[in-house]
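Quick one: the structure is below, questions incoming.
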Amino acid sequence: MKITDAKVIVTCPGRNFVTLKIITDEGVYGIGDATLNGRELAVASYLQEHLVPCLIGRDPHQIEDIWQYFYRGAYWRRGPVTMTAIAAVDTALWDIKAKIAGLPLYQLLGGKSRSGVMVYGHANGRDIEETSDEVAKYLEMGYKAIRAQAGVPGLASTYGVSKDKLFYEPADANLPSENAWSTAKYLDSAPHLFEKLRERFGFGPHFLHDVHHRLTPIEAARLGKAFEPYRLFWMEDATPAENQEGFRLIRKHTTTPLAVGEVFNTIYDCQTLIAEQLIDYIRTTVVHAGGITHLRRIFDFASLYHVRSGCHGATDLSPICMGASLHLGIAIPNFGVQEYMRHTKETDDVFPHAYSFRDGCLYPGETPGHGVDIDEALAAKFPYSRAYLPVNRLEDGSMWNW
Ligand code: GCO
Ligand code: MG
């Protein structure tokens, strides 16, 4: 069996997505997500110019060898653009292998370890009351786990708070919009949100919170401590993790579980975090961490240290990534939770998929492969439209982490 063609498809059904479609001489094809929010065309070009020419003529069954060829074989390793491109190839190849076997992908990954994949949704509001009402809506929809974010009093805009509740989309402008940030104001307000949520909803639902890289380790330690009475499922991205050792300090001070890793792209980004048990959940995902092959390696490593999966699942990860992630999530022993931000109808129409939501869980479905397809004719009706993630400044104008 041979790969005869590989196409890079860029489409914007409400937001930009990059997809790789690998075609074989037996007519079977597979697809992989290659979307890197705000840097889409860099990945499209990396695939088109550098990986696709090397794919033609290869045996699509040799997934591990092809992965190693693009990772180890290239002198320039790692980085989000490279690893997203490799992920797309890898995901498409797993899709092909499972389709040929006539099996849903999870069967090739060891079969089901659980009946469904618990997901968390996003409740957000301009203030605590509005967020609390949003939480009530998610509970009505059957969610067992909910991420809660609220506007910070005194700040014009806050990460995670959007007008359109179900489809939060941070890449909101064709040049980066600017947010303002005050750590002091945030630290004073964030614990009250969870105090109020526990008062209203009790301790049944799981609550999560995303700090979005805004704090230093000692500030994160203080917040983790303040959250303790409200027993969060996790506190996410408390501090930027280029400096993995920074988490030692947070860990020393709080029992609030820690999650990190949506921007990581290899196992080396979380090696210390996992081996020293500095985190509880690793958020690496199929599309940004080298595909199913590499993500499974990360999760296996994590399983040795009681670290569980908590895959990123925002709207900028296409339904293909979600489908692949669900097959992995239902199979691995150390699954934790899966993020699930719903895609718009336009996006779902371009990417018909077998997965479905029921009672707070997603189910990958039984379609051979990862169960997600692309309607190319429809995709062609939505041309690329440049969109950036915002940037963030402190109130005195200093550049800060968004
Ligand atoms: C999350 C994330 C997203 C990211 C977005 C960037 O936890 O879902 O932090 O909201 O900001 O995916 O592209
Ligand atoms: Mg996040």
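Quick test for you: out of Ala101, Ala34, Ala74, Ala87, pick the one residue that is in contact with a Leu (Cβ under 6 Å, 6 or more places away or on another chain) and among the small types (Gly, Ala, Ser).
Values: Ala101 fails: in contact with a Leu (Cβ under 6 Å, 6 or more places away or on another chain); Ala74 fails: in contact with a Leu (Cβ under 6 Å, 6 or more places away or on another chain); Ala87 fails: in contact with a Leu (Cβ under 6 Å, 6 or more places away or on another chain).
It is Ala34.
For region 169-211, name all the residues that are hydroxyl-bearing (Ser, Thr, Tyr) and away from ligand 1 (no atom under 16 Å from the Cβ). Show your work before the answer.
If we filter region 169-211 for residues that are hydroxyl-bearing (Ser, Thr, Tyr), which is where we start, we get 177, 182-183, 186, 189.
Of everything in region 169-211, those that are hydroxyl-bearing (Ser, Thr, Tyr) and away from ligand 1 (no atom under 16 Å from the Cβ) turn out to be Ser182, Thr183, Ser189.
Taking Pro13, is it farther than 24 Å from Trp402 by Cβ, part of a loop (DSSP other than H, G, I, E, B) and within 21 Å of the chain's Cα centre (by Cα)?
On the way: farther than 24 Å from Trp402 by Cβ: yes; part of a loop (DSSP other than H, G, I, E, B): yes; within 21 Å of the chain's Cα centre (by Cα): yes.
Yes: the conditions hold for Pro13.
Going by what's in this entry, would Ser182 be described as more than 16 Å from ligand 2 (Cβ to nearest atom), within 25 Å of Phe203 (Cβ to Cβ) and of a type in the set (Ser, Thr, Tyr)?
Details: more than 16 Å from ligand 2 (Cβ to nearest atom): yes; within 25 Å of Phe203 (Cβ to Cβ): no; of a type in the set (Ser, Thr, Tyr): yes.
So Ser182 fails the test.
Which residues, taken from region 297-343, are within 15 Å of ligand 1 (Cβ to nearest atom), of a type in the set (Ser, Thr, Tyr) and not in a helix (DSSP H, G or I)?
Going through region 297-343, the residues within 15 Å of ligand 1 (Cβ to nearest atom) turn out to be 309-319, 321-322, 325, 336-343.
If we keep only those that are of a type in the set (Ser, Thr, Tyr) as well, we get 309, 315, 318, 325, 340.
Correct list: Ser309, Thr315, Ser318, Tyr340.
Mind checking which pairs have a first residue in region 241-265 that is of a type in the set (S, T, N, Q) and a second that is in a strand (DSSP E or B) and within 14 Å of ligand 1 (Cβ to nearest atom), Cβ under 8 Å, 6 or more apart or different chains?
Short answer, once both residue conditions are applied: Thr256/Trp234; Thr256/Met235.
Got a sec? Which helices (runs of 4 or more DSSP H) wholly within region 19-90 have at least 3 residues that are under 30 Å from Pro170 (Cα atoms) and within 16 Å of ligand 2 (Cβ to nearest atom)? Spell out the reasoning first.
Values: elements: 40-45, 52-55, 63-71.
Filter on region 19-90 gives an empty set.
I'm trying to understand the selection: among the residues of region 376-399, which are under 23 Å from the mean Cα position of the chain (by Cα) and either assigned to a loop (DSSP other than H, G, I, E, B) or within 16 Å of ligand 2 (Cβ to nearest atom) (or both)? Even if it seems obvious, please write down each step before you answer.
Taking region 376-399 as the starting set, the residues that turn out to be under 23 Å from the mean Cα position of the chain (by Cα) are 379, 384-392.
Result: Tyr384, Ser385, Arg386, Ala387, Leu389, Pro390, Asn392.
If you scan region 279-303, which residues turn out to be farther than 23 Å from Met235 by Cβ and either hydrophobic (A, V, I, L, M, F, W, C) or in the same structural domain as Thr82 (by TED's automatic domain parsing) (or both)?
Restricting attention to region 279-303, the residues satisfying the condition of being farther than 23 Å from Met235 by Cβ are 286-287, 290-294, 296-297, 300.
Scanning region 279-303 gives Val286, Val287, Ile292.
In region 344-359, which residues are of a type in the set (Val, Ile, Thr) and part of a loop (DSSP other than H, G, I, E, B)?
Initially, region 344-359 is screened for residues of a type in the set (Val, Ile, Thr), giving 344, 347, 350.
Of everything in region 344-359, just one residue is of a type in the set (Val, Ile, Thr) and part of a loop (DSSP other than H, G, I, E, B), namely Thr344.
Which one of these is within 16 Å of ligand 1 (Cβ to nearest atom), surrounded by fewer than 24 Cβ atoms within 10 Å (Cβ to Cβ) and small (Gly, Ala, Ser): Gly57, Gly38? Please lay out each step first, then the result.
Details: Gly57 fails: within 16 Å of ligand 1 (Cβ to nearest atom).
Just one listed residue meets the conditions, Gly38.
Here's something else I'd like to know. Could you list, in sequence order, the residues of region 100-110 that are surrounded by fewer than 20 Cβ atoms within 10 Å (Cβ to Cβ) and in a helix (DSSP H, G or I)?
Ile100, Ala101, Gln107, Leu108 - these are the residues of region 100-110 that are surrounded by fewer than 20 Cβ atoms within 10 Å (Cβ to Cβ) and in a helix (DSSP H, G or I).
Leu362: assigned by TED's automatic domain parsing to the domain that holds Pro176, assigned to a strand (DSSP E or B), within 27 Å of His206 (Cβ to Cβ) and not basic (Lys, Arg), yes or no? It would help to see each step written out before you state the result.
Values: assigned by TED's automatic domain parsing to the domain that holds Pro176: yes; assigned to a strand (DSSP E or B): yes; within 27 Å of His206 (Cβ to Cβ): yes; not basic (Lys, Arg): yes.
Against the criterion (assigned by TED's automatic domain parsing to the domain that holds Pro176, assigned to a strand (DSSP E or B), within 27 Å of His206 (Cβ to Cβ) and not basic (Lys, Arg)), Leu362 qualifies.
Matching residues to (1) closer than 22 Å to Leu328 by Cα; (2) within 16 Å of ligand 1 (Cβ to nearest atom); (3) in a helix (DSSP H, G or I):
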residue	(1), (2), (3)
Lys112	yes, no, no
Val119	yes, yes, no
Thr131	no, yes, yes
Glu134	no, yes, yes
Tyr138	no, yes, yes
Tyr143	yes, yes, no
Gly154	no, no, no
Gly160	no, yes, no
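Collect the residues in region 343-371 that are closer than 20 Å to Leu208 by Cα and either at pLDDT below 95 or in contact with a strand residue (DSSP E or B) (Cβ under 7 Å, 6 or more places away or on another chain) (or both), keeping them in residue-number order.
Residues satisfying the conditions are Gly360, Cys361, Leu362.
The values are calculated or read from the model by the stated rules, or taken from the named source; none is laboratory data. These figures come from a predicted structure and were not determined experimentally. Because the Cβ atoms are built from the backbone with ideal geometry, glycine has one as well, and the counts that use them run over all protein chains shown.
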